[in-house]
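The values are calculated or read from the model by the stated rules, or taken from the named source; none is laboratory data. Only a predicted model underlies this, so the values are computations on that prediction, with no experimental measurement involved. For neighbour counting, all protein chains shown are included, and Cβ atoms are generated from backbone atoms with ideal geometry for every residue, glycine included. Note: areas computed on protein heavy atoms with side chains; ligands, DNA, RNA excluded. Shrake-Rupley method; radii C 1.70, N 1.55, O 1.52, S 1.80 Å.
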Amino acid sequence: MRSLEVRDLTVEFVTGGYQIRPLDNFSFHADSGELILLLGPSGCGKTTLLSCLAGILTPKSGSITVDGKEVTRLGPKARTEYRRRDIGLVFQGFKLVPSLSARENVEAPLRLAGVSRQAARARSRQLLTSFGLADRLNNRPGRLSGGQQQRVAIARALAHDPPLLLADEPTASLDYIQVEIVVRMLRDLAQPGRLVIVSTHDQRLIPLADRVVRLEAGHAAEEEVHGRIRIEPGQVLFEQGARSDYVYTVEEGVVELARHRADGSQEFLTLARAGDHFGEVGPLLGLPRAASARGGEGGAVLELWTIAEFRRRLGPDGVRQALGTRLAGPTTREDTEPAR
């Protein structure tokens with residue numbers, strides 16, 4: 001898969017005698033390898049859009065084009081084949097078959113598509129093992145935690161290795177530990193050849209997305225890109241081990257970066273000066289902060305960016321270069337001498 005184009009999509013329902021348009025001339029574009037968030041409150045059209053993308057719901061007007069193929073114009077047979085081969089669906093609430101084991105739930109769509117029992121079993125085992133469920137293959141959903149059920153649901157959606165994965169509120173009803181596991185899985189699945197689109201109202205997913213599309217009364221609005229803050233001399237911006245949410249760019253002043261040792265001492269790492277960015281390693285890799293940051297002499301004015309905006313600004317090559325340079329670390333003491 002290379003790209004997805006949604007153009008002027010309009011969906012109408014009649015309920016209670018009133019005409020409702022959850023999507024009204026909605027348009028957006030997405031590329032292979034991206035993790036796209038559809039963000040918005042209940043009723044804004046997120047699930048409706050996923051249903052249209054999956055070929056389940058036919059819009060009143062507009063088009064959905066996947067790699068040059070206009071899905072909205074497919075006939076019944078071609079649409080069924082599209083849903084079977086090109087789409088992976090992760091439903092809100094898991095929707096696993098309670099009488100089937102984890103393995104059998106993943107095998108089911110393969111067997112329905114005519115895949116042999118042996119091949120379906122091998123694919124199911126491979127997927128569930130890769131998701132850390134090798135010891136839960138024969139467990140039914142009732143004996144699995146919420147996070148484990150969600151991983152089975154994602155494995156089932158990937159049974160045919162579809163190029164487009166759609167997930168509807170995948171973190172609903174999960175605790176924060178299970179949320180982290182599921183979100184990292186979705187992030188890893190957004191690779192060249194596959195597009196992942198997640199419908200959610202969960203703000204915690206924003207830092208890991210490549211792009212955020214806010215749905216507001218059926219229309220798309222791109223996520224605002226950044227904010228600006230000031231920190232005073234010695235003021236702590238973030239502590240080592242803290243959750244990684246944002247990348248920072250220094251507009252004015254300096255920021256000191258240091259690492260705390262087990263013996264209580266502090267190892268100075270570098271100074272971030274005007275034009276430098278820092279703090280990207282944690283959000284890019286999904287890790288806690290590896291150092292602490294505080295305002296240097298005179299303080300600093302900073303811009304903060306979501307990881308999605310940082311990726312977009314630098315591009316893939318720029319991100320790889322920035323990440324490689326940061327992991328290599330400073331090379332000379334002269335370059336990293338802290339302000340006195």
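Here is how the numbers come out for the structure above:
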{"quantity": "Label-point separation, Arg143 to Gln235 (7 Å along Cα→Cβ), nm", "calculated": "5.5"}
{"quantity": "Accessible area of the chain belonging to carbon and sulfur atoms, whole % at 1.4 Å probe", "calculated": "49"}
{"quantity": "Two-site label geometry, Ser42 and Asp161: point separation in nm, points 7 Å out along Cα→Cβ", "calculated": "3.9"}
{"quantity": "Residues of the chain: accessible area per residue with a 1.4 Å probe, Å²", "calculated": "49"}
{"quantity": "Rounded to whole Hz, the Karplus (6.51, -1.76, 1.60) HN-Hα couplings of segment 144-156, x for glycine and proline", "calculated": "10, 6, x, x, 5, 4, 5, 5, 5, 5, 5, 4, 4"}
{"quantity": "Most fluctuating residue given options Leu186, Leu205, Leu269, as computed from a GNM of the chain linking Cα atoms under 10 Å", "calculated": "Leu269"}
{"quantity": "The chain: most fluctuating residue of Thr129, Thr58, Thr47 per GNM, C-alpha cutoff 10 Å", "calculated": "Thr129"}
